Amino acid sequence: NCAGGTAQHAYTLTVEDTTAPEFSEVPEDYTVECSAEMVMADASASDNCSEVSIEVSSETIAGNATGNYTLVRTFTATDACGNSSTATQTITVEDTTAPVFTSVPEAYTVECSDDMVLEDATAEDNCNGAEIQVSSQIVEGNATGNYTVIRTFTATDDAGNSNTATQTITVEDTTAPVFTSVPVDYTTECS
């Protein structure tokens, strides 16, 4: 029979947080036109022991044109003990819109002896500049001085999207010939 005895035992209990936070929401991947606004939604995460901080970094991966690229957003969730986890969102940016002409020379008719005025067209693009190439085609008419010039303007952006516009110049010969010399009238004897 043990009466009045006491015993003490000491022990150390160590609690460690080794679990990384878990993402509860990560923005979905999406594709957007290069001229549209990109939605940069936030991610959210939780941890079993402490508050979570989320940092975002971005990497841009160039594509085959100025308006074509990929943006990879990396979310890093870290708890108070330094445990972390990552998630990514990929935003694909594309240039699928052709340039738009802001001015195209008007069609006109000109006399065949007059100089033709060959004005330039202008165009703009939603993502980057547009380069304009001009080609001409001559359509013969019913006489040497009657013909049509069809000028085709092709505006192309860096991604290869293009748009065309035309100008028609009608060339006419409506002027009668002018005598440069006429023999002088004279009188002669019949013999």
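The values are calculated or read from the model by the stated rules, or taken from the named source; none is laboratory data. The structure displayed is predicted, hence computed values, not measured ones. Every residue, glycine among them, receives a Cβ derived from its backbone with ideal geometry; neighbour counts consider all protein chains shown. Accessible surface is based on the protein model in full, side chains and every heavy atom, while ligands, DNA and RNA are left aside. Shrake-Rupley method; radii C 1.70, N 1.55, O 1.52, S 1.80 Å.
Values as computed for the structure displayed
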read-out	value
The range 82-191 - percent of accessible surface contributed by carbon and sulfur, probe 1.4 Å	48 percent
Antiparallel bridges, percent of DSSP beta bridges restricted to the chain (to nearest 5)	85 percent
Where THR174, THR97 fall by accessible area, highest first, once all protein chains stay in place (1.4 Å)	THR174, THR97
Projected label distance in nm at THR74 and VAL39, using a 7 Å step from Cα toward the beta-carbon	2.6 nm
Semi-axes of the equivalent ellipsoid for the range 1-116, Cα gyration tensor, largest first, Å	70, 10, 8
For q = 0.23, 0.35 Å⁻¹, Debye-computed log10 I/I(0) when each Cα of the range 100-139 counts as one equal scatterer	-0.90, -1.29
Counted charge near ALA143, where neighbours are those whose Cβ lies closer than 14 Å (Asp, Glu -1; Lys, Arg +1)	-4
Among 102-110, 18-26, the order from most to least packed when residues are scored by Cβ within 10 Å on average	18-26, 102-110
Charge dipole of the chain about the Cα centre (unit charges at C-beta), most positive-ward option of GLN89, ASN163, TYR108	GLN89
Burial ranking of peptide ranges 35-48, 80-93 (average Cβ count within 10 Å, highest at the top)	80-93, 35-48
Convex hull volume per residue for the range 71-130, taking Cα atoms only, in Å³	89 Å³
